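Working notes, structure below.
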Ligand code: SF4
Ligand code: F3S
Ligand code: FES
């Protein structure tokens, strides 16, 4: 009885070190024998351990939780640690997510972009009246509301929705679905005392909710399946209502 042979994967990676003046963006192809249950995380580690220890890429959790392994897989933004090679053709192309600062090869600086976004949108609870008191018991919240907030809090800041949004390519200041999702999360939270006008000042403009052209790429590529479209539509209705007041 003949044994079935494993596929040989051909992994083409966009290589570039922006800090090396002699380097230029170019593709390099590596061959890796596929194994059962193999993910792109395993593939990249195989390459780094056995073929090129200078290859750079980011991973922390390997479980779709930290959001650091986002990259373009055959042109589509996704998390490499959650991508099984069995779902892909044997020719696989990997490239860093566009728009974010490139560190080297597949490694990008999403943290810096996300920090800037969080500062711009002030993604924390605003409550001027409440003084910090560690002895106070937490306020009760309706379980359905807590679930709704938790649903939006599942964002891992991977940046896939940013890379998948054609609008950000044209307007780099657009806060993207990740930013609008964060605002929707705080707007839902009864502990946040910001008024509708204060929210309007943050996202009632072309860099905010009116900059979204409903291209839908964000929800399509979000690895956490967040309900981005319905939240953007909800914010848009809310902002229009505030503008017409
Ligand atoms: Fe990633 Fe989804 Fe969060 Fe966008 S909304 S950063 S795609 S988890
Ligand atoms: Fe971009 Fe998503 Fe809006 S892809 S334009 S943020 S619907
Ligand atoms: Fe954490 Fe992939 S390594 S999400």
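The values are calculated or read from the model by the stated rules, or taken from the named source; none is laboratory data. Everything quoted here is computed from the prediction, not taken from an experiment. Positions of Cβ are generated from backbone atoms using ideal geometry, with glycine treated the same way; all protein chains shown enter the neighbour counts.
Could you go through region 182-191 and let me know if any residue there is more than 30 Å from residue 130 (Cβ to Cβ), surrounded by fewer than 16 Cβ atoms within 10 Å (Cβ to Cβ) and touching a helix residue (DSSP H, G or I) at 6+ places or on another chain (Cβ under 9 Å).
no
For the structure I just gave you, tell me whether residue 17 is outside the structural domain of residue 158 (by TED's automatic domain parsing) and in contact (Cβ under 8 Å) with a residue 60 or more places away in the chain.
So residue 17 fits the description; yes.
Only one of 99, 94, 44, 40 is in contact (Cβ under 8 Å) with a residue 60 or more places away in the chain and in contact with a strand residue (DSSP E or B) (Cβ under 7 Å, 6 or more places away or on another chain); which?
When all the criteria are applied, what remains is 94.
For region 29-53, give me each residue that is within 16 Å of ligand 3 (Cβ to nearest atom), surrounded by fewer than 17 Cβ atoms within 10 Å (Cβ to Cβ) and not in a loop (DSSP other than H, G, I, E, B).
Within region 29-53, 45, 48 meet the criteria.
Being in a helix (DSSP H, G or I), in contact (Cβ under 8 Å) with a residue 12 or more places away in the chain and either farther than 30 Å from residue 80 by Cβ or over 16 Å from the mean Cα position of the chain (by Cα) (or both): is that true of residue 145 here?
Against the criterion (in a helix (DSSP H, G or I), in contact (Cβ under 8 Å) with a residue 12 or more places away in the chain and either farther than 30 Å from residue 80 by Cβ or over 16 Å from the mean Cα position of the chain (by Cα) (or both)), residue 145 qualifies.
Just to be sure, is residue 162 farther than 23 Å from residue 240 by Cβ and in a loop (DSSP other than H, G, I, E, B)?
No; evaluated as a whole, the condition is false for this residue.
Name the residues in region 66-86 that are over 19 Å from residue 113 (Cβ atoms) and touching a residue at least 24 places away in the same chain (Cβ under 8 Å), would you?
Residues satisfying the conditions are 73, 76, 81, 82, 83, 84, 85, 86.
Identify the residue in region 97-119 that is within 16 Å of ligand 2 (Cβ to nearest atom) and out of contact with any helix residue (DSSP H, G or I) (no Cβ under 7 Å at 6 or more places or on another chain) and, among all such residues, is nearest to residue 182 (Cα to Cα).
Applying the filter and picking the extreme gives 114.
Mind listing just one residue for me: the one in region 69-87 that is over 14 Å from residue 98 (Cα atoms) and not in a strand (DSSP E or B) and, of those, farthest from ligand 3 (Cβ to nearest atom)?
86
Being assigned by TED's automatic domain parsing to the domain that holds residue 223 and away from ligand 3 (no atom under 13 Å from the Cβ) narrows it down to one of 114, 56, so name that one.
Going through 114, 56 in turn, the sole match is 114.
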